[in-house]
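Structure, as structure tokens:
Here, each number is a calculation from the coordinates, and none is a lab measurement. Computed from a predicted model, the values in this text were never measured in an experiment. In this analysis, Cβ positions are derived from the backbone assuming ideal geometry, glycine residues included, and neighbour counts consider all displayed protein chains.
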Amino acid sequence: MAISTSLLLLSCFLLPIVLSFVNAYSKENYYNTNKPYLNKIDSCWRAKPNWALNRKALADCAIGFGKDSIGGKYGAIYIVTDSSDDPANPKPGTLRYGAIQTKPLWIIFERNMVLTLKNELIMNSYKTIDGRGVKVEIGNGPCITIQGVSHVIIHGISIHDCKPSKAGLVRSTPDHVGRRRGADGDAISIFASSNIWIDHCFLARSTDGLIDIIHASTAITISNNYFTQHDKVMLLGHNDEYTADKIMKVTIVFNRFGSGLIERMPRVRFGYAHVVNNKYDQWQMYAIGGSANPTILSEGNFYNAPNDHTKKQITKRESKGNWKSWKWRSSKDYFSNGAYFIPSGYGSCAPNYTPAQSFVAVPGYMVPAITLNAGPLSCFVGRSC
């Protein structure tokens, strides 16, 4: 009888522990099994083993404000075979030669490449840079400028250690070469442009910003990227006097803001930012900031605060007036390690997407599972990514 009683007590003690492990395993297994389907962009194409035969199908997979970015969908495939760079007179086969063409092009790479540009790469409209299937790096020199154009997709490349460029001649189309004053050292500078989609890239350690979106740029989606080791990560809006940025609409979704980031994830002026289902691995100053009365919806993000008790606040507002009327909202966010978001404003803060742009944000606690593959993917021809 004593043995039976002991066994009964032991089973009562162990059963909840066993069940908790089973539940935890089941939940983790569910997320790992279903994470591509929770990420609407990846579920659109990643499971298809024939992706390399139908690369342009990627252009149908964007969500959010950059949904209509078609890149080079209706153009020819252009293969980069030469990693060299001549800013004024680019050779056929180089990345720059393809990027400046006036006709639509879907740009891919023959092999793994490290490109050190001699001056900023000026993109023309209706271009896709697609790094799937190889490892492509742009770094240790000037990087990418998207200025006064539309319909650009950049997918699956690493952009890092970008440097300012010197003044000099840079070709922007086959028929035009002009003197540039020199770029600031951004990884990607988006200036007076629209319908832009940046997806599954790695961005780090640049002299200025990793992504700057300024001068009335709009209709942009920044998704599935891995950001790390940088100070001023992402700027939306030129300055506090440039009211034309009121038209700016940007979706920032499924990104991972990794270690070594300090601030601006993003920093917004005037426009609208939907910051949704991103993972913040800690920040050194703040995560989301702004000035000049922007509208920001933080939805379903996973915020893991730094250990420094003075840096737990996610938000930072720079204002001489009454910021309490600015529309900054948090919905379905998950707060870890003491992180907290200070909301403000009244009325609806919804993004008002069209049916084609819209998607359902998952709760913040599910975000680590669907951002595990942020950054360039390891894709092999004939196999799903």
Problem - Net +/- balance of residues flanking PHE202 in space, Cβ distance below 14 Å, scoring K and R +1, D and E -1 - result: +1
Exercise for the section: For region 49-146, list log₁₀ I(q)/I(0) at each q in 0.11, 0.22, 0.23 Å⁻¹, using the Debye formula over Cα point scatterers of equal strength and ignoring solvent, two decimals each. Expected result: -0.31, -1.21, -1.29
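Please work out the Cα convex hull volume for the chain and give it in Å³ per residue.
Considering the Cα atoms of the chain, their hull volume per residue is 166 Å³.
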Practice task
Give the longest segment of the chain that steers clear of chymotrypsin sites (Phe, Trp or Tyr not before Pro) in DSSP loops with at most 14 neighbouring Cβ atoms within 10 Å, not counting the sites themselves.
Solution key: 75-345
Fill in the blank from the handout: Here, TYR340 and THR310, labelled 7 Å along Cα→Cβ, have an inter-label distance in nm of 1.8 nm
Fill in the blank from the handout: Cβ density ranking, 10 Å radius, fewest first, applied to SER330, SER150 yields SER150, SER330
Exercise for the section: Indicate, rounded to the nearest 5 percent, the antiparallel portion of the DSSP beta bridges found entirely in region 112-235. Expected result: 10 percent
Exercise for the section: Check the straight Cα-Cα distances from LYS324 and name the lysines below 18 Å, setting aside those fewer than 8 residues away within the same chain. Expected result: LYS316
Exercise for the section: For each of ASP161, ASP333, count neighbouring Cβ atoms within 10 Å of the residue's Cβ, then give the residues from fewest to most. Expected result: ASP161, ASP333
Problem - Helical mean residue ellipticity (222 nm; -39500 (n - 2.57) per DSSP H run of 4+; nearest 500) of the chain - result: -4500 deg cm²/dmol
Fill in the blank from the handout: Of all DSSP beta bridges having both residues in the chain, the percent classed as antiparallel (nearest 5) is 5 percent
Completion exercise
Expected vector for region 123-129, Karplus 3J(HN,Hα) from phi with 6.51, -1.76, 1.60 and θ = phi - 60°, integer Hz, x for Gly and Pro, equals 7, 9, 5, 6, 10, 10, 9
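Cβ under 13 Å from ASP240's Cβ, ASP240 left aside: what net charge do those residues give with Lys, Arg +1 and Asp, Glu -1?
+2
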Problem - Local net charge near GLY168, Cβ-Cβ under 13 Å (Lys/Arg +1, Asp/Glu -1) - result: +3
Fill in the blank from the handout: If MET123, MET113 are placed from fewest to most neighbouring beta carbons inside 10 Å, the sequence is MET113, MET123
Completion exercise
From the cross-link list LYS48/LYS127; LYS67/LYS320; LYS48/LYS249; LYS40/LYS332; LYS40/LYS103, the entries with a Cα-Cα span beyond 25 Å are LYS67/LYS320; LYS48/LYS249; LYS40/LYS103
Exercise for the section: Report, to the nearest 10°, how far helix 2-38 tilts away from the longest principal axis of the Cα atoms in the chain, using its own Cα long axis and a range of 0 to 90°. Expected result: 20 degrees
Problem - Whole-Hz ³J(HN,Hα) from phi, Karplus 6.51 cos²θ - 1.76 cosθ + 1.60, for region 359-370, glycine and proline x - result: 7, 9, 6, 7, x, x, 5, 8, 5, x, 5, 8
